[in-house]
Amino acid sequence: MIVGTAGHIDHGKTALVRALTGIDADRLPEEKRRGITIELGYASMPVAGSESISFVDVPGHEKLVRTMVAGASGIDYALLLVAADDGVMPQTREHLTILSLLGVRRGAAVVTKIDRVDEAVAAQREAEVRALLAKEGLVDWPVLRVAALRGDGVEQLRELLVAESANATRPADTHAAFRMPLDRVFTLSGVGTVVAGSIAAGSVRIGAELCLAHAPQRLLRVRGLQVHGAAVEEASAGQRCAVGLASLAREEVERGQVLCDPAIAQQSDRIDVWLRVAASEEAPLRSGALVHLHIGTQEVMASVAVLGQPALAPGEEGAAQLVLRQAICAWQHDRFVLRNASAARTVGGGLVLDAHPPVRYRQTPQRLALLATQRAPDAMARLAGALEHSPLGVNAAQWLRDAGLASWPVELASLNDAVVTKDGEWIIGRQAMLVAQHALLAALADFHERSPQEVGLELRRARRQAAPRMEDALWLSLVDNLRESGQVGLRGSFLHLPAHGEQLRAADRVVAERAMPLLIEGRFDPPWVRDVAASINLPEEQVRQVLGRLAKTGEIFAIVKDLYYPPRTVLELAQIARTLGKNDASITAAAFRDATGLGRKRAIQILEFFDRVGMTRRVGDDHLLRPGTQLFAQEESV
């Protein structure tokens with residue numbers, strides 16, 4: 001269990017930690033000289049037959065709230081200190097507000113320095129503290145009286161912490177990936193760079209490869225671990241830990257960064273959050289407000305965009321988007337605190353809902369409904385909520401990373417109301433998939449009615465009409481599902497309804513069976529559409545439509561309007577062009593004319609066709625083979 005102190009400056013936080021642990025948490029010479037805490041301090045208290053209790057001692061000065069938030073972000077249990085000779089002070093209130101906004105619901109209040117006042121004053125201070133706790137809904141917090149220097153009440157407080165520690169075991173989450181916000185960085189002789197912090201999630205072992213969340217490409221091997229100054233093989237969430245990292249220079253890392261499993265490394269320049277405005281605020285929090293965002297051990301400036309309403313009144317909660325001045329590393333359900341632009345007071349705080357929210361459509365009812373579901377503590381419940389309100393599906397890898405998970409708690413195939421793409425990249429709610437499929441079927445039916453002579457809708461055009469914002473992988477999965485169920489057909493790259501496709505095929509078959517032999521027989525100089533129509537005694541427009549459809553589906557190639565070549569002939573011509581291009585470095589119309597026996601005009605038309613489809617490119621009067629192109633290459637057996 002990690003215990004954090006809180007309270008006004010000079011209310012005895014460091015003295016109490018020293019009385020409990022025997023360790024002076026003030027390390028800096030300036031702290032010892034001035035008698036105030038400036039930096040975070042750390043100590044531990046051994047517990048017989050159990051893990052030691054860690055302490056994070058925070059500064060109480062109003063100008064050091066930033067440091068206090070960094071220390072309080074990883075604690076399990078809070079000790080709110082109020083000096084009996086001072087009473088409740090401004091930082092007492094602000095620190096308690098910060099603890100509440102960070103979701104720290106377990107703790108105790110301690111009235112310190114009771115040796116300096118009489119019983120009546122001590123009782124009055126205790127009543128003041130209980131009233132303050134009641135305002136934050138913390139009536140279950142015990143209130144103890146202590147004189148740290150004389151030892152009064154220290155043993156009772158120690159017994160309370162030991163009992164709370166026994167009940168503070170975190171359930172093991174084997175799916176959570178390791179991450180630890182850094183609050184200390186130093187070097188040790190023989191070890192090198194060491195980083196320390198409170199482990200937020202997951203576990204780590206010696207030899208593991210980690211990274212800084214903003215630099216996932218740089219893998220860092222764990223060469224040593226310490227918990228409470230003792231070397232260990234493994235450390236896990238709920239412990240303070242020092243990690244020795246190989247091949248990392250001291251100047252390459254700093255407090256505020258996050259050490260994590262490379263699988264969840266990420267950054268974001270905006271986050272969607274569930275925001276509660278501090279009840280102590282005098283005015284509503286409106287969109288456009290500039291604030292200091294404290295999350296983990298990071299601090300950045302941000303602008304607030306309240307979602308779904310104009311503003312949030314003091315004490316109210318709601319969805320908001322924070323637009324950040326610089327990128328941060330954040331994951332779902334990370335806690336944060338907001339202070340005003342001058343960093344003079346705490347204005348609110350809450351919970352991260354989405355670490356990669358959209359820039360557009362952030363105010364739609366659908367988006368707001370989705371965000372409401374992301375407050376659920378269970379990751380799979382949040383996924384179910386996201387799927388219910390995501391008509392465009394969810395990127396599985398990104399969602400897993402945002403949730404801070406190394407693996408799925410359940411098999412995705414077991415999700416009853418979801419469809420997973422074959423590669424597992426995307427997940428979409430079954431109802432959302434049905435809606436998109438019905439939109440595609442309706443678009444095809446409408447197109448066939450308006451253009452009965454056309455094959456159907458090209459894949460990209462069909463997506464623009466049925467699901468314009470859907471990702472490629474999910475769109476292709478939708479099409480595959482409809483094809484496998486026989487609800488749509490695919491001819492070349494054109495989608496059509498099966499009945500329409502059969503009608504066209506029947507009509508095309510008659511023309512194709514009579515026209516194709518003529519095109520094949522013509523070899524490098526096949527007949528034009530009008531000549532084909534005259535030869536097979538069919539209307540010219542009918543032949544033109546059929547050959548046009550065959551060209552769309554790749555069964556023949558249109559060199560120019562009304563002039564079609566069979567695939568085998570095109571392959572022969574392409575091979576001639578490739579040979580000329582390899583021998584002479586470029587292909588000229590004259591050389592191609594001579595090699596094929598065609599006239600100059602037809603040779604130019606064919607070379608321009610090769611330019612158009614990307615096999616060659618024209619430079620002046622020459623045509624150059626495109627490097628690496630496989631178009632029409634080595635396919636003579638087709």
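Side notes on the structure shown:
- Looking across 573, 563, 538, one residue alone is open to solvent by 20 Å² or more (accessible area, probe 1.4 Å) and either modelled with pLDDT of 90 or more or of a type outside the set (Val, Ile, Thr) (or both). It is 538.
- Only one entry of 463, 367, 450, 430 meets the criterion of being modelled with pLDDT of 90 or more, more than 30 Å from residue 305 (Cβ to Cβ) and not aromatic (Phe, Trp, Tyr), and that entry is 463.
- Meets criteria (at pLDDT 75 or above, in contact with a Gly (Cβ under 8 Å, 6 or more places away or on another chain) and within 25 Å of residue 167 (Cα to Cα)) for residue 81: yes
- Of all residues in the range 346-359, those satisfying the criterion of being more than 20 Å from residue 404 (Cα to Cα) and buried (at least 16 other Cβ atoms within 10 Å of the Cβ) are 346, 347, 348, 349.
- Test set (1) among the hydroxyl-bearing types (Ser, Thr, Tyr); (2) at pLDDT below 90; (3) in contact with a Ser or Thr (Cβ under 7 Å, 6 or more places away or on another chain); (4) more than 26 Å from residue 15 (Cα to Cα) - residue 174 fails condition number: (3)
- The range 209-224: number of residues that are over 23 Å from the mean Cα position of the chain (by Cα) and open to solvent by less than 30 Å² (accessible area, probe 1.4 Å): 2
- Residue 538 satisfies every condition listed in (1) over 26 Å from residue 629 (Cβ atoms); (2) in a helix (DSSP H, G or I); (3) not polar (S, T, N, Q) except (2).
- Within the range 260-279, the presence of at least one residue that is in contact with a Ser or Thr (Cβ under 6 Å, 6 or more places away or on another chain) and of a type outside the set (Ser, Thr, Tyr) is confirmed.
- Complete set of residues in the range 7-61 that are modelled with pLDDT of 85 or more, assigned to a strand (DSSP E or B) and farther than 21 Å from residue 167 by Cα: 7
- Selection within the range 307-332 - without any contact (Cβ under 8 Å) to a residue 60 or more places away in the chain and either on the phi > 0 side of the Ramachandran plot or over 21 Å from the mean Cα position of the chain (by Cα) (or both): 309, 310, 311, 312, 313, 314, 315, 316, 317, 318
- Cβ-Cβ under 7 Å pairs, at least 6 apart or on other chains, the range 85-114 side open to solvent by 30 Å² or more (accessible area, probe 1.4 Å), far side assigned to a helix (DSSP H, G or I) and of a type in the set (Lys, Arg): 85/116
- Considering residues of the range 184-195 that are within 23 Å of residue 53 (Cα to Cα) and in contact with a Phe, Trp or Tyr (Cβ under 9 Å, 6 or more places away or on another chain) only, the residue modelled with the lowest pLDDT: 184
- Residue 198 closer than 30 Å to residue 330 by Cα, buried (at least 18 other Cβ atoms within 10 Å of the Cβ), modelled with pLDDT of 90 or more and polar (S, T, N, Q): no
A quick yes/no check of all residues on (1) without any contact (Cβ under 8 Å) to a residue 24 or more places away in the chain; (2) part of a helix (DSSP H, G or I); (3) not aliphatic (A, V, I, L, M):
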site	(1), (2), (3)
387	no, yes, no
392	no, no, no
424	no, no, yes
427	no, no, no
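- Residue ID - least open to solvent (accessible area, probe 1.4 Å), chosen from residues in the range 396-427 that are aliphatic (A, V, I, L, M), modelled with pLDDT under 90 and more than 14 Å from residue 473 (Cα to Cα): 418
The values are calculated or read from the model by the stated rules, or taken from the named source; none is laboratory data. The model shown is predicted, which means the values in this text are computed figures rather than measured ones. A quick note on method: Cβ atoms are made from the backbone with ideal geometry, for glycine too, and the neighbour counts reach across all protein chains shown. Note: accessible area is taken over every heavy atom of the protein model, side chains too, but ligands, DNA and RNA are not part of it. Shrake-Rupley method; radii C 1.70, N 1.55, O 1.52, S 1.80 Å.
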